[in-house]
Amino acid sequence: MGTMVAAIVLAAGASSRFGSAKQQLLLPVVLERVRAAAAVDELLVVLGANDVETDAQTVHCPEWERGPGASLRCGLNELGPEVEAVAVVLADGPGLASAAIDRVVAAWRAGTGDVVAASYGGNRGHPIVLARAVWADVPDEGARALAPALVPCDDLGAPGDVDTPDDLPGRVAETGAE
């Protein structure tokens with residue numbers, strides 16, 4: 001089997017700008033994308049402000065208000081010693097491509113670095129893969145504080161970032177080139 005990689009989906013935020021628990025709306029789509037990624041052996045959803053109905057394994061993080069790093073640490077603490085790296089995914093990125101997860105994990109497996117992130121248009125995005133060696137370094141602000149090696153995923157389309165209802169994609173399916 002080789003090295004095990006888990007995916008952690010961060011869904012702990014209060015969705016205050018969205019006006020309701022956007023996780024309930026977006027999480028099923030994101031989970032479908034994560035489950036379609038060949039590189040992921042285990043899946044964990046971190047919840048906080050809102051209870052969200054899901055068939056995935058979940059952990060509730062009471063310290064979610066401290067920031068995404070606190071939620072991420074809650075998730076990391078739930079993983080067994082056999083997990084050597086984690087792919088961090090945001091619950092509000094419904095355009096996430098399964099292939100982006102596989103590509104970033106493959107780059108980590110190839111020795112690109114302990115912190116490897118997808119990039120879109122040269123800007124870091126998600127997913128981001130963290131090797132176990134850096135798990136203890138995650139601050140409250142989250143993995144964005146760690147400098148990643150970037151893996152271009154422009155051809156796969158950005159995952160998106162839904163903060164308000166206006167950000168919802170017109171259709172959840174992958175969109176091709178216009």
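For residue 70, neighbours were defined as the other residues whose beta-carbon sits under 11 Å from its Cβ, and their charges (Lys and Arg +1, Asp and Glu -1) total -2. The GluC sites (Glu not before Pro) of the range 25-80 meeting both criteria, a DSSP state outside H, G, I, E and B (loop) and at most 13 other C-beta atoms within 10 angstrom of the site's C-beta, are 53. Label-to-label distance for residue 112 and residue 134 is 1.1 nm, based on points extended 7 Å past Cα in the beta-carbon direction. Which residues does a label at residue 41 reach in the range 63-93, if reach means a backbone N under 19 Å from a point 7 Å past the Cα toward the Cβ? Taking a point 7 Å out along Cα→Cβ of residue 41, the residues of the range 63-93 whose backbone N falls under 19 Å are 75-89.
A short reminder: the numbers here are calculations on the coordinates, not readings from a lab. These figures come from a predicted structure and were not determined experimentally. Virtual Cβ from ideal backbone geometry, glycine too; neighbours counted across all protein chains shown.
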